[in-house]
Amino acid sequence: MFWQLLANGFVTGSVYAIAAIGVSLLYGLLRLVNFAHGDLMAFGAFVSYLANVTFGLPMVLSLPAGMAATAALALVSDLALWRPLRLRRAGFMSLFLASIGVALVLRQMILLLWGPQPRAYDVDPFKVYVIGDVRLSLAQVATILVASAAIVAIALFLARSTTGRVMRAMADDQALAQLSGIDVNRVILLTWVLAGLTAGLAGTLAALVQGSFDPNFGFQLLLPVFAAVVLGGIGSAYGALAGGLALGVATELSTWEGLAGGVEPAYKPVVAFGVLIVALLVRPQGLFGRARIV
Amino acid sequence: MSEDALLVSDLHAGYDGALVLRGVSLEARPGEIVAVIGPNGAGKSTLLKAISGLVRPIRGRVVFHGTDVTGLPPDRLAQRGLGFVPQLENVFPSLTVAENVHVGAQALPRSARRKAVASVFAQFPFLRERGRQRAGTLSGGQRKIVALARALVAQPTVLLLDEPSAGLSPKAAEMVFAELEQIRERGIGIVMVEQNARRALALSSRGYVLDMGRTAHEGPGGELLRDPRVVQLYLGGLAADLSPRRPDSSARRDPRSRS
Ligand SMILES: Nc1ncnc2c1ncn2[C@@H]1O[C@H](COP(=O)(O)OP(=O)(O)OP(=O)(O)O)[C@@H](O)[C@H]1O
Ligand SMILES: [Mg+2]
């Protein structure tokens, strides 16, 4: 049972982690708490659905289509909305409220395009892989493989590539980045592309694992994703990855009988936030966050 | 025309309507250190921010190697060879020492970066020793070295420095000043804001005294040091005080959190 829960936790956690990376980077670079991130994920999931079910493409092609469409949408949102707001030096609250607006518009758009009924991808729901006493569905196996590869790729990108380094530098200190010759608007656009790609990926994987999903499902993912971001230390890119995985695994493992009988699965979200609160009491800046100096 | 690397004339700038600079002029030639001194709140940091493009000038001009660059964004100015080391927030704390240097090299064309990074690493052995350490965990003096390296790797022709000795031990401050003289030797023009006015003026070929956002006095460093008005008003000393001073008596160190 333990290993089964650990595997489930890794599946959930990796989806949180991939989504959290975008939220954290956007906060780090723009001081934007992107309330629309869940709906961006849902948008990606529905474009993948369009490719997979409406056009009959296999998931290997539908997933990149969903990611690309989400990245394009994120890019357009920066050019059309966020950049003008930056130029007008919109404050934290204005940005936050604007993102709530974007969330509502996106959700209505998805409703309008795809209707309220639950959808499912065209994958075999009965195919099960058994490893030892762990049973994993095809969707879970695919998610584990794709998400692991993605997490490694994102971590390497952030650690090693020039652009990843520059993104982290900008999250640290935007003025100093500019003084170092960095064109911040260009890097912000790239960050939106990365946030869009990862939101589309996380959204599609979440939808795949869930089996059926409706236009509201992105919003339901938003709270745990935010919790992962805060747990990892808001603004820290590596922290988001770690926070997401930790939260997913902790949530699933909390139902383990070996753990004083485990908690009712219905209380899993409570556990997630319990973990968050305890972690923040011990380390207010989050796992990877910097302590405020002043 | 002129041999000025940097020429600032009648600069006016401020924050959201609050005018701080009300007409500041200064010049710096290649291979020359100029010092900007003045009381707290005079606008010294604002002057450097306005030159570097972080604060947009309202009036006046900033001319860099004969080209008017007034109001250009900081990244474009950095690419043209203007370096700036702010007072406090001068390194990327969550990046490693080596990463800080690499980010500094972004101002250079891609093909020139590798060589520039190698040359700065050769110049400061410290960077190699601590390359993998996060800059946020360094001591104040070590940070200054990383901050200098972050700016120097972009091979600036003019370097702006905001209070390079603030918060340092006298020994570390002397090391920084010695480093600045070496940088000057390479033909880089330096504009330095300093609390340690005596030490700064002694190093400089020219000094500017800023007060209430205006240039109140200017002249060769030695002359300002002997000018009774300047000494009395800005150096916190007695005009006739020509006795040899104790090593650090003029270093007013104040741990302000603002830059
Ligand atoms: N970001 C800011 N927004 C608004 N006002 C500012 C800002 N930074 C500085 N000021 C104000 O501008 C004036 C000049 O500040 P500045 O930092 O340029 O002075 P300074 O000469 O560098 O002083 P110090 O010796 O304390 O460093 C001060 O009155 C200060 O309160
Ligand atoms: Mg200052």
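The values are calculated or read from the model by the stated rules, or taken from the named source; none is laboratory data. Since the structure is predicted, the reported quantities are computational estimates derived from the model, not experimental observations. Backbone-built Cβ (ideal geometry, glycine too); neighbour counts: all protein chains shown. Surface accessibility is based on the protein's heavy atoms, side chains included, excluding ligands, DNA and RNA. Shrake-Rupley method; radii C 1.70, N 1.55, O 1.52, S 1.80 Å.
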### Task
Let me have the 222 nm mean residue ellipticity of chain B computed from DSSP H runs of 4+ only, each contributing -39500 (n - 2.57), with the sum over all residues rounded to the nearest 500.
-10000 deg cm²/dmol
### Summary
Dividing the mean separation of Cα pairs under 8 Å (6+ apart) by the residue count of the range A:1-82 yields a relative contact order in percent of 19 percent
### Under 5 Å, built H, 5+ apart or other chain: amide partners of A:Trp256
A:Val263
#### Entry: Candidate aspartates and glutamates - alpha carbon under 17 Å from B:Lys115, same-chain residues fewer than 8 apart omitted
B:Glu99
#### Entry: Relative contact order %, chain B, counting alpha carbon pairs below 8 Å whose residues are six or more apart
25 percent
## Note on the structure
Short to long, in 5 Å steps from zero, the percent of alpha-carbon pairs of chain B per bin is 1, 6, 14, 18, 20, 17, 13, 7, 3, 1, 0, 0
### Task
Using label points projected 7 Å from each Cα along Cα→Cβ, tell me how many nm separate A:Val60 and A:Arg83, to one decimal.
3.7 nm
### Task
In debye, nearest 20, what is the charge dipole magnitude of the range A:2-282 about its Cα centre with +1 on Lys and Arg Cβ and -1 on Asp and Glu Cβ, if you could check?
740 debye
### Cβ-placed point charges (K, R +1; D, E -1), dipole of the protein assembly as shown about Cα centre in debye, nearest 20
820 debye
### Message
Name the residue from A:Met109, A:Met1, A:Thr70 whose Cα lies farthest towards the positive end of the charge dipole of the protein assembly as shown, charges +1 on Cβ of Lys and Arg and -1 on Cβ of Asp and Glu.
### Response
A:Thr70
### Task
Specify the inter-centroid distance of the range B:181-207 and the range A:112-137, based on alpha-carbon positions, in whole Å.
69 Å
### Task
Order the following by accessible area, largest value first: A:Trp114, A:Trp3. Probe radius 1.4 Å; ligands, DNA and RNA are ignored.
A:Trp3, A:Trp114
### Task
Please compute P(r) over all alpha-carbon pairs of chain A, binned at 5 Å starting from zero, and give each bin as a whole-number percent.
1, 6, 12, 17, 18, 17, 13, 9, 5, 2, 1, 0
### Residue range of chain A that is longest and free of trypsin sites (Lys or Arg not before Pro) which are both DSSP loop and sparsely packed (at most 10 other C-beta within 10 Å)
A:90-291
#### Entry: Computed magnitude of the charge dipole of chain B (debye, nearest 20; Cβ of K, R +1, Cβ of D, E -1)
740 debye
### Query
Hey, any idea what Rg/Rh is for the protein assembly as shown, computing Rh the Kirkwood way over Cα pairs?
1.07
#### Entry: Accessible area per residue, Å², the protein assembly as shown with all protein chains present, probe 1.4 Å
45 Å²
### Query
Do the sum for chain A: with -39,500 (n - 2.57) for every DSSP H run of n ≥ 4, divided by all residues, what is the mean residue ellipticity at 222 nm, to the nearest 500 deg cm²/dmol?
-23500 deg cm²/dmol
### Query
Taking Cα pairs under 8 Å and at least six residues apart, what relative contact order does the range A:2-282 come out at, in percent?
39 percent
### Query
Taking both sides together, what accessible area is buried at the B/A interface, probe 1.4 Å, expressed in Å² and rounded to the nearest 100?
2000 Å²
#### Entry: GluC sites (Glu not before Pro) lying in DSSP loop within the range B:87-144, provided at most 15 other Cβ fall within 10 Å
B:Glu89
### Task
Run down the lysines and flag those whose C-alpha is under 21 Å from the C-alpha of B:Lys171, throwing out any fewer than 8 positions away in its chain.
B:Lys144
### Query
Top mean-square fluctuation among A:Val282, A:Val271, A:Val76, Gaussian network model of chain A, C-alpha springs under 10 Å?
A:Val282
### Query
How large, in percent, is the carbon and sulfur part of the accessible surface of chain B at a probe radius of 1.4 Å?
51 percent
## Note on the structure
Under 5 Å from the placed amide H of A:Leu32, counting only residues 5+ away or on other chains, we find A:Tyr27
### Task
Report, in whole Å, the centroid distance computed from the Cα atoms of the range B:6-27 and the range B:63-85.
15 Å
